[in-house]
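This report concerns only the one structure given below.
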Amino acid sequence: MLRCIAIDDEPLALRQLATYIAKIPYLELVASCKNALDAQQIITSEAIDLIFVDINMPDLNGVDFVRSMTGSRPMVIFTTAYSEYAIEGFRLDAVDYLLKPFSMADFSRATAKANALFELKQQAQRNSESPTPSLAPTETTPAPLEQELPQPVVGNEEQEFISVKSDYKLSLIRIDEIVYIESEGEYVRIHLADGQKVTTLYRMKNMEAELPSSRFMRIHRSYIVNLKAVRSYMRGRIYLNEKDYLPIGENYKEAFQRYIGKTYKNL
């Protein structure tokens, strides 16, 4: 559960935020504030995970308010009617930027990012707090004769689905329906055969390990392709149809050419 506060000097906008927050099951509204000064008092006395803050406010605007917070500050989603503030907002590592008037769908996508980041932080904290197992041999655990290197994780060749968190729900995606996967920083965008696109917080290398290696191949730093979706190959490009193609990175060309030579011996 993300404990959050909403800050906006417009009563109507503040009520809309409260309504949207109430519809998201993992959000808990701790307080609604008409100005940043009231919010400062709440943050010093309450555990707050996420702030929804308008940028253009009297006395202390949203950007200056966030900039004034020291130490480990809550996650921030900016809300404003002025698009020119977007760059400044992202310079402060905001989770997202909602341009008024925004829909419930826009709000859900922004909060889903915050929730995914929150879960990652929680998992990292749990891992850091886990006791480190002793490496010294005991009577019941003989000392190994040689160190074994960890084996890479390989996707189950028989699996039919992968599960990903998108928006604020867990989605099951049939593997055969994936055409290709595109990296977008800490996120990946999954392109499906029916034209849908699913964006989720997922590292590319983890997605590569999750998928069956006999059916999917990484062909670029930013792309993983379903090998069954490849229609042709020419001049460092993979064509998915007559006009849509993906580039093959220099570091991946040799592996792909080996696959082509092994799979299509008569070509």
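Residue check, GLY62 against (1) touching a residue at least 40 places away in the same chain (Cβ under 8 Å); (2) within 24 Å of the chain's Cα centre (by Cα), all met but one. Which one?
So the condition that GLY62 fails would be (2).
Can we say ILE7 is over 26 Å from LEU201 (Cα atoms) and surrounded by fewer than 20 Cβ atoms within 10 Å (Cβ to Cβ)?
no
Checking the conditions here, which among ILE260, ILE219 is within 28 Å of the chain's Cα centre (by Cα), under 22 Å from ASP176 (Cβ atoms) and not charged (D, E, K, R)?
Just one listed residue meets the conditions, ILE219.
Which of the residues spanning the range 18-57 are assigned to a loop (DSSP other than H, G, I, E, B) and either of a type outside the set (A, V, I, L, M) or at pLDDT below 90 (or both)?
Within the range 18-57, PRO25, TYR26, LYS34, ASN35, GLU46, ASP49, ILE55, ASN56, MET57 qualify.
Looking at the range 6-38, which of its residues are within 25 Å of the chain's Cα centre (by Cα), of a type in the set (D, E, K, R) and under 16 Å from LEU98 (Cβ atoms)?
Selection gives LYS23 alone.
For the condition charged (D, E, K, R), in the same structural domain as VAL188 (by TED's automatic domain parsing) and buried (at least 17 other Cβ atoms within 10 Å of the Cβ), what is the one hit in GLU254, GLU210?
Checking each option against the conditions leaves just GLU210.
Identify, by number, the condition in (1) over 16 Å from ALA110 (Cα atoms); (2) small (Gly, Ala, Ser); (3) free of Cβ contacts under 8 Å to residues at least 40 places away in the same chain that ALA47 doesn't meet.
Of the numbered conditions (1) over 16 Å from ALA110 (Cα atoms); (2) small (Gly, Ala, Ser); (3) free of Cβ contacts under 8 Å to residues at least 40 places away in the same chain, the odd one out for ALA47 is (3).
If you go through the range 176-204, how many residues are out of contact with any strand residue (DSSP E or B) (no Cβ under 6 Å at 6 or more places or on another chain) and modelled with pLDDT of 80 or more?
8
From the list ILE181, ILE238, ILE248, exactly one residue is within 18 Å of the chain's Cα centre (by Cα), crowded, with 18+ Cβ neighbours inside 10 Å and not polar (S, T, N, Q). Which is it?
Exactly one of ILE181, ILE238, ILE248 is within 18 Å of the chain's Cα centre (by Cα), crowded, with 18+ Cβ neighbours inside 10 Å and not polar (S, T, N, Q), namely ILE181.
Looking at (1) modelled with pLDDT of 90 or more; (2) in contact with a Lys or Arg (Cβ under 6 Å, 6 or more places away or on another chain), which is the only condition VAL95 fails?
Failed condition: (1).
Only one of SER214, SER163 is small (Gly, Ala, Ser) and either under 16 Å from the mean Cα position of the chain (by Cα) or at pLDDT below 85 (or both). Can you tell me which?
Checking each option against the conditions leaves just SER163.
Out of (1) farther than 21 Å from LYS100 by Cβ; (2) in a loop (DSSP other than H, G, I, E, B), the odd one out for LEU60 is which?
(1)
The values are calculated or read from the model by the stated rules, or taken from the named source; none is laboratory data. A quick note: this is a predicted structure, and the numbers were derived from the prediction, not measured. Virtual Cβ from ideal backbone geometry, glycine too; neighbours counted across all protein chains shown.
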